[in-house]
Amino acid sequence: MSHEETATEAARRGERFGALPERIRPEDMVETRPAVRHDPDRDAYDPDDFAVRYGL
């Protein structure tokens with residue numbers, strides 16, 4: 001192996017591995033989605049209705 005081949009291989013390695021990839025923020029690594037679809041009937045809580053039915 002000559003000095004010229006070693007320099008060429010080093011240049012190839014430098015091109016391929018010479019720079020680190022861009023940094024990824026932790027916020028970009030997480031995807032949030034609701035586990036179930038939004039159901040308006042389920043989320044329609046009326047505290048007055050609850051009090052009338054069960055408390056008074």
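The values are calculated or read from the model by the stated rules, or taken from the named source; none is laboratory data. As the structure is a prediction and not an experimental result, all values here were calculated from the model. Neighbour counts run over all protein chains shown; Cβ positions are idealised from the backbone, glycine included.
Being among the charged types (D, E, K, R) and at pLDDT 90 or above is the filter; apply it to the stretch 23-42 and report the residue that is farthest from the chain's Cα centre (by Cα). Outline the logic, then answer.
Filtering the stretch 23-42 down to residues among the charged types (D, E, K, R) leaves 23, 25, 27-28, 31, 33, 37, 39, 41-42.
Applying the additional criterion that residues be at pLDDT 90 or above yields 23, 25, 27-28.
Numbers: ARG23: 13, ARG25: 9, GLU27: 6, ASP28: 4 Å.
Checking each candidate, the answer is ARG23.
How many of the residues in the stretch 14-50 are basic (Lys, Arg) and either touching a Cys at 6+ places or on another chain (Cβ under 6 Å) or not in a helix (DSSP H, G or I) (or both)? Matching residues across the stretch 14-50 total 4. In this structure, does ARG53 turn out to be exposed (fewer than 10 other Cβ atoms within 10 Å of the Cβ), in a helix (DSSP H, G or I) and among the basic types (Lys, Arg)? Yes, satisfied.
Given the criteria of a type in the set (A, V, I, L, M), in a helix (DSSP H, G or I) and modelled with pLDDT of 85 or more, does ALA11 qualify? Criteria met by ALA11.
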